[in-house]
Amino acid sequence: MTDLLPDISDEHGDKVRWIPQQWLDYGGNPAFHGRVETLRCYEDNTKVREILSGPGEGRVLVIDGHGNLNKALLGDQLAELAVKNGWNGIVVNGAVRDVSALSTMDLGVKAMGACPIKTEKRGAGDRDVSLRIAGMLVSPGDYLYADLNGIMLSEHPVDFGAE
């Protein structure tokens, strides 16, 4: 399952959406997939903790931090929480930290970059909202497929023979 996206693109090209953005891989699982949960937040990861504290059930959390690299929206403690609660992956349109620790975890993590600075804790953010990342709409309930080639989305699950 290392080159998942080319196969999905070849088989389901008109049913999937490519996010035309270059991502960096930080988690221990570079190929991951799952149903999308969304969060929009800016320099505040309070709601990231709230979401990851709940059951992941194989889902993927997509966090729109507006591409900001000034503060990290995810670090090792929140990633450990995600693993413990059954999340398959986290995508951050922004920064992460504790990158060495993230690389050892059984979790997919993609982000724009790294930053060692933690966020403020104001409780701000919008959960379960549609996001626009690199011009593409990301909605709660979409299906996300990720590997070293990037990220694709679909409104419905696509068969790719990995199960």
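Inside region 123-144, residues that are outside any strand (DSSP E or B), at pLDDT 95 or above and touching a helix residue (DSSP H, G or I) at 6+ places or on another chain (Cβ under 7 Å) make up a count of 1.
For region 103-111, the condition holds for no residue, the condition being that it is more than 11 Å from the chain's Cα centre (by Cα), touching a residue at least 12 places away in the same chain (Cβ under 8 Å) and part of a strand (DSSP E or B). The set of residues in region 53-86 being in contact with a strand residue (DSSP E or B) (Cβ under 7 Å, 6 or more places away or on another chain), free of Cβ contacts under 8 Å to residues at least 40 places away in the same chain and hydrophobic (A, V, I, L, M, F, W, C) consists of Leu61, Ile63, Leu74, Ala82. Among the residues of region 10-27, is there at least one that is of a type in the set (Gly, Ala, Ser) and farther than 19 Å from Leu102 by Cβ? Yes, region 10-27 contains a residue that is of a type in the set (Gly, Ala, Ser) and farther than 19 Å from Leu102 by Cβ.
Scan region 104-129 for residues that are loosely packed, with under 14 Cβ neighbours inside 10 Å and polar (S, T, N, Q) and jot them down. Selection gives Thr104 alone.
Name the residue that is nearest to Leu4 (Cα to Cα), counting only residues in region 29-48 that are in contact with a Ser or Thr (Cβ under 9 Å, 6 or more places away or on another chain) and polar (S, T, N, Q). Once the filter is applied, the top-ranked residue is Thr38. Meeting the requirement of 1 or more residues that are surrounded by fewer than 19 Cβ atoms within 10 Å (Cβ to Cβ) and within 15 Å of the chain's Cα centre (by Cα), the helices (runs of 4 or more DSSP H) wholly within region 1-98 are 46-52, 76-84.
The values are calculated or read from the model by the stated rules, or taken from the named source; none is laboratory data. Because the structure is predicted, anything quoted here is derived from the model rather than measured. Cβ: placed from backbone, ideal geometry, glycine included. Neighbour counts: every protein chain shown.
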